[in-house]
Amino acid sequence: MPRKFSEFKDTLWYATAPQAPDTAPLQGEVKADVCIVGAGYSGLTTALELARQGVSVVLLEREEIGFGGSGRNAGHCTPTFTHYSLPELRKVLGAPWAERLIQRQTRANDKVGAMIARYDIDCEWEQNGYVQGALFPSHLKTLQGHMAAYNAVGARTRMLDRDEVRAVTGSSRFYGGWFHEEAGGLNALAYSRGLGRAVIAEGGRIFTGSGVTGCTRENRAWVVRTPQGSVRAEKVIYTTGAYTVAGWPKLDQSFRIMRVFVAATQPLSQASQAVVLPRRTTIQDGRGDIYVYKYNRENRIVASMFPMGARGQDPAFTRQVLSDRLRWLHPDLREDLRWEFFWYGELDMQRRTVPRLYGLAPGVVAMTGLSGRGVPTGSMIGGILSDWAMGVAEKDLDLKLEPLSRQPLYMSIAPQMALRGYRLRDNLRARRQGAPLPPHA
């Protein structure tokens, strides 16, 4: 049975993004050097990289451009890793793969900004930095470790003391924070649609409403089939992530789905903007069970959390949690909050959630594992996938090619259990150090 994904048209981005470029379903057979499946950030940037080099590219999408995580995410663009520190990543990936991926990821926002400028993408791009706060004193040591590790590879980050973090974020709750000045934010769907227009401008072909039903080898070419047509190509790249439906056997078993929710308030008054993120940074409150928020162009607060118990299931209670947490972080906020948009997205979780490059067959690869840093990671991954398509030797790629693997059943509950563990850990640390707990902690 096909997976049922959360409603796409509920998102703030769907209500505010510029119109999508004109596309249509694939009819009949077409030929290309490379066929890409999935029109999210990864597929779009791969297509763009290849089209700019004169490669004939066809991009197939079951729904519409940005339908998956690339149109639903909260719009944060922070060029870091979420699940591993840099020393941990080096242990997980080993040499030379870790250093190559670190370099790509930490410079991803350079690429995002350059593409937005080059193709004049109207997507609310603001590069005002990211703050991870410390809600108890001992967290500062961890953040100092992040600062040292990221600065050592060329990132521009620094620590904020208590007065500085209040000036930047408007919150008096933090003992300090880690500030990444290269981070930014955007309208997630507007960016996707802008990349789509760029692909078409460079000569790439995009067919929407064209879900892939199969891919077979015929006469030294791959034939990728859709309900009303097919693409005959030398190479095929799957970039469907958590929104994978059929297309290749067992690809949808290489991850487990985890949901996240995002909500947006009404446009806030100037008085509220003066006490909540006065410098329009993105902020993560520093807890393992995260609360992260930023402004959009209309001065709405866009916040996201993971579902846990009634949070994320009961709409009224969830809105209350979001409001209570924001007011606790910003006690000077006096305006009544109305969460006018509320939506869900799906993440492709794995036991080792970093970008993964799977060799499916000679001339066919798939990529998954962007969860949590989709904007910068999806934007930089196109360079790696296009390198593969252009024939760069496997040993010289910036991701290691590995066989497709099935995720264990426990991954269906492991991410939720980890969140609960993070919450318990942070609560215990805060109590031991005399730090107040946020509401609903």
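The values are calculated or read from the model by the stated rules, or taken from the named source; none is laboratory data. On a predicted model such as this, the values are computed, not experimentally measured, just so you know. Note that we place each Cβ from the backbone using ideal geometry, even for glycine, and neighbour counts take in every protein chain shown.
Quick grid of which residues meet (1) surrounded by fewer than 22 Cβ atoms within 10 Å (Cβ to Cβ); (2) free of Cβ contacts under 8 Å to residues at least 40 places away in the same chain; (3) of a type in the set (D, E, K, R):
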position: Gly378; (1), (2), (3): no, no, no
position: Gly382; (1), (2), (3): no, no, no
position: Ser386; (1), (2), (3): no, no, no
position: Ala389; (1), (2), (3): no, no, no
position: Ser405; (1), (2), (3): yes, no, no
position: Gln416; (1), (2), (3): yes, no, no
position: Gly434; (1), (2), (3): yes, yes, no
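Taking Glu99 as the residue in question, decide whether it is more than 16 Å from the chain's Cα centre (by Cα), over 19 Å from Lys400 (Cβ atoms) and either among the polar types (S, T, N, Q) or not assigned by TED's automatic domain parsing to the domain that holds Gly194 (or both).
Criteria not met by Glu99.
Please state which of the following conditions Asp163 fails to meet, knowing it meets all the rest: (1) over 22 Å from Val276 (Cα atoms); (2) assigned by TED's automatic domain parsing to the domain that holds Arg280.
The failed condition is (1).
Run down Ala15, Ala39 and say which single residue is closer than 16 Å to Ala201 by Cβ and of a type in the set (Gly, Ala, Ser).
Values: Ala15 fails: closer than 16 Å to Ala201 by Cβ.
Just a single option satisfies the conditions, and that option is Ala39.
Would you mind finding the one in Arg352, Arg287, Arg319 that is among the charged types (D, E, K, R), without any contact (Cβ under 8 Å) to a residue 60 or more places away in the chain and within 29 Å of Arg429 (Cβ to Cβ)?
So the residue among Arg352, Arg287, Arg319 that is among the charged types (D, E, K, R), without any contact (Cβ under 8 Å) to a residue 60 or more places away in the chain and within 29 Å of Arg429 (Cβ to Cβ) is Arg319.
Do we have Arg338 as touching a His at 6+ places or on another chain (Cβ under 8 Å) and touching a residue at least 40 places away in the same chain (Cβ under 8 Å) here?
Judged against the criteria, Arg338 is not a match.
Across the range 181-209, what is the total count of residues that are part of a loop (DSSP other than H, G, I, E, B) and either out of contact with any Gly (no Cβ under 7 Å at 6 or more places or on another chain) or among the β-branched types (Val, Ile, Thr) (or both)?
Result for the range 181-209: 6.
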